[in-house]
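Reading through the structure tokens given below for one structure.
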Amino acid sequence: MFKRIFIANRGEIAVRIIRACRELGIESVSAYSTADKNSIHTKLSDKSICIGSSPPAKSYLNIDNIITAAKVTGCDAIHPGYGFLAENSRFVDICNQNNLIFIGPPAEVISLAGNKSKAIEVMKRNKIPVIPGSSGNVNRIKTALKLSRRLGYPVIIKASFGGGGKGMRICNDKKDLIAHLPLAKSESESSFGNGEVYIEKYIPKPRHIEFQIIADNYGNTVCVGERECSIQRRHQKLIEEAPAVNLPIKTSRLMREFALRAARAVNYKNLGTIEFLLDGQNNFYFIEINTRIQVEHPVTEMVTGIDLVKEQIRIAYGQKIDNLRENYKPLGHSIEFRINAEDPDNDFRPCPGKITESFLPGGPGVRVDTFISPNCEVSPFYDSLIAKLIVWDSTREEAILRSIRALDEFRIEGIKTTIPFYKKIIKNKNFISGNIHTHFIEEEIK
Ligand code: MV4
């Protein structure tokens, strides 16, 4: 097994990776920026090393500093966590050139997944359902108009290298399309350094459901179940669940088969996620592949008993996944709440600052993944996720009741958080009945 792993990340996911290393008997070295000098991840790991100043570009995104730090501390592998360098194929190449094993998929897989229109074309060729739309990218307005007339409005323009809703534009008619195509292209160019866009028929109020893939280096690939990620705001997921809510078992099985086929089509290795949109008639469509451990991975862990981070590490080391079965049936229900340092009464404005007091919920079926501690500072330099509350119970109804209890126990003083907002959602009738979709928050929560 690896002797020592370098963690090129911070916050709760760095803590999560340190825990997996400990349990596997692997030493951990954490990287920290000057802003994170006293952050918990630097104390929990066996060793820690400063990789630069507070702005991400100077530290957690600084490839040279990270590679040097991993080498001087004698690490044999790098875990990138999520965000930062996790989906950067050039970083994977550089790790390999420096004899450091990147804990994640190969560079080619990351690079293909990063090009969404290309990944969709691969899926089409493999008979995986995709949303009717352009074949690859659309450059000329004339082509876009012709295609959209055939698809029927509304259509949606998406950035091929996009994410987070940037470069995305809904067009209700010809006039919109003419106005939005150049805007989407220039926004994509400035945000992602590539202006390529593609067009799809717009699906109103879809659900977002994703499947967890685990694949070793010997051609063994399994899909261990799905997550519901429909509760989001401005493309930021807020609540995730496993299994998906009221998803007919037949649909779930079919989607899982297609997720497996999608993973095999791109020769997937290590952990990954196949994302689908689901329309009001339970038709589903592949949209993209995520090549990292995801923020919401714990809900899958809670209903399968699999430690996903340990699996990533074992697979990267070259172990087979013969410990994993093909057909996981979820046990019970799990819900995750992303606790962000944001003010829900003020358009979710980030609220960094000092946490003067805190109490974390516990008891049966309650897990908190966090890096906060009394008197710690939430830095303005990084994203606002400060904790994840993950609840498990035997049914969704009970998991909701347990969530109310756990959210009530949670105390964070000194900064504003999204906890009060979740107390509202969890009492919403449509949330409770499972009548949810990606536009739930804007429609239901005032
Ligand atoms: C869509 C869609 C409707 N039709 N694609 C994909 C990535 C995710 N972040 C949003 N995505 C969507 N893709 C088609 N063909 C609806 C969404 C979508 C969305 C779009 C615009 C504004 C807000 C949205 C919220 C959730 C999902």
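The values are calculated or read from the model by the stated rules, or taken from the named source; none is laboratory data. As the structure is a computational prediction, the values presented were derived from the model and not from experiment. Positions of Cβ are generated from backbone atoms using ideal geometry, with glycine treated the same way; all protein chains shown enter the neighbour counts. For the accessible areas, the whole protein counts, side chains as well, though only heavy atoms, and no ligand, DNA or RNA atoms are used. Shrake-Rupley method; radii C 1.70, N 1.55, O 1.52, S 1.80 Å.
Assorted remarks:
- Among the numbered conditions (1) within 19 Å of Tyr198 (Cβ to Cβ); (2) open to solvent by 10 Å² or more (accessible area, probe 1.4 Å), the only one that Ser148 does not meet is (2).
- Unique match (being open to solvent by less than 60 Å² (accessible area, probe 1.4 Å) and over 23 Å from Arg16 (Cα atoms)) among Ile412, Ile426, Ile432, Ile390: Ile426
- The single condition among (1) touching a Lys or Arg at 6+ places or on another chain (Cβ under 8 Å); (2) on the phi > 0 side of the Ramachandran plot that Glu377 does not satisfy is (2).
- Test: residue in the stretch 77-97 that is more than 29 Å from Gly193 (Cβ to Cβ) and open to solvent by 10 Å² or more (accessible area, probe 1.4 Å): no
- Look at (1) open to solvent by 20 Å² or more (accessible area, probe 1.4 Å); (2) away from the ligand (no atom under 16 Å from the Cβ); (3) in contact with a Lys or Arg (Cβ under 9 Å, 6 or more places away or on another chain) and you find that Glu288 fails only one, number (2).
- Looking at Ser191, Ser186, just one residue is surrounded by fewer than 23 Cβ atoms within 10 Å (Cβ to Cβ) and within 16 Å of the ligand (Cβ to nearest atom), and that residue is Ser191.
- Scan of the stretch 234-247 for residues that are under 26 Å from Met168 (Cβ atoms) and open to solvent by less than 50 Å² (accessible area, probe 1.4 Å), ordered by number: Lys237, Leu238, Ile239, Glu240, Glu241, Ala244, Val245, Leu247
- The stretch 394-409 - residue that is in contact with a Leu (Cβ under 9 Å, 6 or more places away or on another chain) and open to solvent by 20 Å² or more (accessible area, probe 1.4 Å) and, of those, farthest from Pro352 (Cα to Cα): Ser394
- Residue in the stretch 8-21 that is closer than 20 Å to Asn270 by Cα and open to solvent by 10 Å² or more (accessible area, probe 1.4 Å) present: yes
- Residue in the stretch 264-276 that is over 24 Å from Lys127 (Cα atoms) and assigned to a loop (DSSP other than H, G, I, E, B) present: no
For every residue, the table says whether it meets (1) out of contact with any helix residue (DSSP H, G or I) (no Cβ under 8 Å at 6 or more places or on another chain); (2) away from the ligand (no atom under 16 Å from the Cβ); (3) open to solvent by 20 Å² or more (accessible area, probe 1.4 Å).
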site	(1), (2), (3)
Arg292	yes, no, yes
Thr300	no, yes, no
Ile306	no, yes, no
Tyr317	yes, yes, yes
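- Residues being open to solvent by 20 Å² or more (accessible area, probe 1.4 Å), near the ligand (Cβ under 10 Å from one of its atoms) and modelled with pLDDT of 95 or more - total across the stretch 152-176: 5
- Test for Tyr198: is it in contact with a Pro (Cβ under 7 Å, 6 or more places away or on another chain) and within 16 Å of the ligand (Cβ to nearest atom): no
Here's the yes/no breakdown for (1) touching a residue at least 12 places away in the same chain (Cβ under 8 Å); (2) surrounded by fewer than 18 Cβ atoms within 10 Å (Cβ to Cβ); (3) within 16 Å of the ligand (Cβ to nearest atom); (4) more than 15 Å from the chain's Cα centre (by Cα):
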position	(1), (2), (3), (4)
Ile209	yes, no, yes, no
Ile213	yes, no, no, no
Asn220	yes, yes, no, yes
Ile249	no, yes, no, yes
Arg256	yes, no, no, yes
Arg261	yes, yes, no, yes
Val266	yes, no, no, yes
Asn282	yes, yes, yes, yes
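- For the stretch 369-387, filtering for residues that are out of contact with any Asp or Glu (no Cβ under 8 Å at 6 or more places or on another chain), surrounded by 20 or more Cβ atoms within 10 Å (Cβ to Cβ) and in a strand (DSSP E or B) leaves 1.
- Unique residue being among the small types (Gly, Ala, Ser), over 21 Å from Ser230 (Cα atoms), outside the structural domain of Leu44 (by TED's automatic domain parsing) and touching a Pro at 6+ places or on another chain (Cβ under 9 Å) when the list is Ser334, Ser379, Ser384: Ser379
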